[in-house]
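Quick notes on the structure that follows.
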Amino acid sequence: MPPSSEPTRQSLTKDIYTTTDEYDTLRDRFLRENESTYGYGGRIDRIREEEFPTLKGQVYLDHAGTTIPCSSHHRALYDDLSTHLYGNPHSQSPSSSLTQQRVTAVRTRVLRMLGVDPGSGAYDVIFTANASAAIRIVGECFPWQAGSQYLCLREAHTSLVGVRECALAVEGATVRMVTEEEVEVMFPRMDNAMSHENPRHETAIGADKDRIGSVHERDPKDARTGPVLHRNADNDAHMGWEPEHGTGPKSLFAYPAQSNFSGTRFPLSWTNRCKRRHPGTHMVLLDAASFCTSSPLTLSNTASHPTACTPDFVCMSFYKLFGMPTGLGVLVVRPEAARILRRNYFGGGTIDALAVDSPWHISRSLPHERFEDGTINFLDILSLDHAMDAWERVFGSPAPSISLFSTRDADTFRAISTHVGSLTGLLVEGMRGLVHGNGRPLCKMHLEIKDGEKGEDGRSRQGSIVNFNLRREDGGWIGSGEVARLAALEGIHLRTGRFCNA
């Protein structure tokens with residue numbers, strides 16, 4: 001994430017203080033207290049000047065929308081495309097073979113960035129248009145049937161909520177929107193887990209219905225009060241499907257690792273706790289699009305890393321991390337999970353054989369071969385390679401530590417996380433100190449965790465998103481449109497209005 005919210009004299013913080021001396025005192029204190037976390041080892045000024053010249057005179061605070069690409073990324077991509085000939089990877093020409101080699105290398109690199117040993121076969125990388133397209137694949141291809149349940153965290157991106165329509169299209173499948181507290185009851189930690197016979201923990205699909213919400217049918221439009229939703233639909237398309245393992249219909253639990261609205265980070269251990277509580281029947285879809293902008297994610301159940309987890313499906317958009325490419329996302333999937341996904345459609349490049357006069361075809365074997373329809377966005381995949389180069393070079397530690405699969409990635413995530421964390425703390429502190437002349441607070445902060453609350457990895461559960469409203473001196477609200485206009489006049493780039501969040 002670019003250092004665009006550096007506490008310069010163009011920042012919001014200066015307005016809390018009436019003199020330059022007071023501002024300088026604040027800045028000096030901040031730099032002294034955050035010497036080891038802020039500024040990428042003293043390289044902050046050079047990074048801004050060399051990699052982000054468009055930020056001059058601007059305060060860019062819309063990294064939740066998209067971050068800004070490095071200038072060296074632009075130059076490297078231009079040089080690559082100017083000196084190499086890349087062809088369609090479905091062909092067999094020398095230029096096509098070169099494209100295939102580069103795309104394969106980038107798949108491997110994405111796995112390494114997520115802490116996956118590419119040789120283990122634990123996960124595969126399916127390139128998509130964005131995170132929403134990845135979520136749609138899971139929702140539309142999941143084997144919903146009578147008895148299936150879609151569990152989705154209430155504080156989720158709209159695209160995760162949209163999966164409920166796929167479940168509700170099947171007679172007998174249900175949907176439940178759950179809170180963080182309800183998830184903790186449904187999927188208890190090991191040290192709090194009780195036996196399966198204890199009715200306290202027979203939650204959404206068991207005995208403790210009153211705690212999580214009643215299971216009788218209610219108005220499907222009422223998804224805010226915690227009901228189980230039902231809808232009748234033709235279920236013929238699901239006839240004949242048999243679970244690969246487990247004893248019941250497949251269910252799906254979906255949640256964001258970090259809320260794109262409040263910045264709250266949710267426990268990554270939910271992925272393993274869900275599958276431990278319901279082995280063989282429940283699968284997990286993790287939305288990592290917001291989380292991975294400033295936090296490491298390790299897809300492993302053996303690594304001794306506090307952010308290690310083993311979801312069945314993970315989605316993200318790369319422009320959130322690198323600024324560009326803007327038309328490329330990914331669905332990272334366990335091969336075992338991919339095998340239960342059913343497709344009615346097949347596109348070019350996804351089958352090995354077909355009959356024109358009869359409904360017969362043979363799909364290709366690997367997940368990415370079966371789900372990447374037509375020609376993939378191979379030039380954007382090449383751009384991703386250069387984006388990761390620039391990201392590691394600009395933000396990574398000059399002397400990376402030893403890591404199991406990728407030294408540079410681990411240190412880059414760490415540097416970005418600590419830098420952004422220190423700035424987030426400064427912003428929250430400053431905004432809380434803004435008051436009107438009559439003493440009324442200016443800012444209503446939408447922080448859903450307690451100050452200082454730590455997550456499983458020992459870091460603050462507050463991510464890099466700070467959501468707020470502004471109030472007038474009489475307590476009335478200042479409209480988001482007015483805030484956006486005033487911020488624009490000062491060269492401040494904010495995301496206002498809607499946030500694609502439930």
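The values are calculated or read from the model by the stated rules, or taken from the named source; none is laboratory data. Please read all numbers here as calculations on a predicted model, not as lab measurements. Here the Cβ is made from the backbone with ideal geometry for all residues, glycine too, and neighbour counts use every protein chain on show. Each accessible area value is taken on the protein alone, full model and side chains, heavy atoms only, with ligands, DNA and RNA left out. Shrake-Rupley method; radii C 1.70, N 1.55, O 1.52, S 1.80 Å.
Close contacts from region 480-500, counting a first residue that is under 17 Å from Ala64 (Cα atoms) and hydroxyl-bearing (Ser, Thr, Tyr) and a second that is open to solvent by less than 70 Å² (accessible area, probe 1.4 Å) and in a loop (DSSP other than H, G, I, E, B), with Cβ to Cβ under 8 Å and a gap of 6+ residues or different chains, come to Ser480/Thr496; Ser480/Gly497. When each of Asp79, Asp62, Asp124 is tested for being within 26 Å of the chain's Cα centre (by Cα) and surrounded by fewer than 17 Cβ atoms within 10 Å (Cβ to Cβ), the lone residue that passes is Asp62. Of the strands (runs of 3 or more DSSP E) that lie entirely inside region 275-375, those containing 1 or more residues that are farther than 24 Å from Pro118 by Cβ and open to solvent by 20 Å² or more (accessible area, probe 1.4 Å) span 351-355, 360-363.
I'd like the full set of residues that are open to solvent by 50 Å² or more (accessible area, probe 1.4 Å), touching a Gly at 6+ places or on another chain (Cβ under 9 Å) and either within 12 Å of Ser422 (Cα to Cα) or at pLDDT 80 or above (or both), limited to region 12-34. The answer is Leu31, and nothing else. Screening Gly41 on (1) open to solvent by 40 Å² or more (accessible area, probe 1.4 Å); (2) farther than 18 Å from Thr424 by Cβ; (3) in a helix (DSSP H, G or I) shows it passes everything except condition (3). The residue that is nearest to the chain's Cα centre (by Cα), among those in region 438-480 that are outside any loop (DSSP other than H, G, I, E, B) and of a type in the set (A, V, I, L, M), is Met445. When Arg46 is tested against (1) within 27 Å of Ser383 (Cα to Cα); (2) open to solvent by less than 40 Å² (accessible area, probe 1.4 Å); (3) at pLDDT 90 or above, just one condition goes unmet, and that condition is (2).
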